[in-house]
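The values are calculated or read from the model by the stated rules, or taken from the named source; none is laboratory data. Note that the structure is a prediction, hence the values are computed from the model and not measured. Ideal geometry is used to build each Cβ from the backbone, glycine not excepted, and the neighbour counts take in all protein chains shown. Please note that ligands, DNA and RNA were not included when accessible areas were found on the heavy atoms of the full protein model with its side chains. Shrake-Rupley method; radii C 1.70, N 1.55, O 1.52, S 1.80 Å.
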Amino acid sequence: MALLLQQDGGTTRAALDGELTIFTAEEIQDELLGLLNHERVELDLSGITELDGCGAQLLSIMLAEAARLEKTVAIAAGNPLVDEVGAWLGFLPPGRNGQGEAADGS
């Protein structure tokens, strides 16, 4: 599991790749939650190859905390697995084809 960061003006672009499961969540959680130090984040989840309940919960916690802190996190999933789970959990609207805005409601 790797989190790759790129700064683009006022937006931090982050890409997760690999498995986001109970076996990898602990090693990535600090980096993922550290994204909340940025005002605007675009999170690309298209490289996720496996997602379980623990990984989905970590994403949900991060997005809930972003909303509480009034930070913007835009999810760019582009991945059928993440799209389906994200729609179930409400961090990606159904039918948005991997393009969802979360956190501050915009």
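Of note, L33 satisfies the criterion of being among the aliphatic types (A, V, I, L, M), open to solvent by 30 Å² or more (accessible area, probe 1.4 Å) and at pLDDT 95 or above. Pull up the stretch 11-25, narrow it to residues that are open to solvent by 60 Å² or more (accessible area, probe 1.4 Å) and touching a strand residue (DSSP E or B) at 6+ places or on another chain (Cβ under 9 Å), then point me to the one that is nearest to G47 (Cα to Cα). Step by step, filter the stretch 11-25, then rank; the result is D17.
Scanning the stretch 59-91 for residues being open to solvent by 10 Å² or more (accessible area, probe 1.4 Å) and assigned to a helix (DSSP H, G or I) gives a total of 15. Might you let me know whether the stretch 41-56 holds any residue that is exposed (fewer than 14 other Cβ atoms within 10 Å of the Cβ) and touching a Ser or Thr at 6+ places or on another chain (Cβ under 7 Å)? Yes: one or more hits.
Scan the stretch 37-58 for residues that are assigned to a helix (DSSP H, G or I) and under 18 Å from L89 (Cβ atoms) and jot them down.
Hits for the stretch 37-58 are G53, C54, G55, A56, Q57, L58.
When A2 is tested against (1) modelled with pLDDT under 95; (2) open to solvent by 40 Å² or more (accessible area, probe 1.4 Å); (3) on the phi < 0 side of the Ramachandran plot, exactly one condition is not met: (2).
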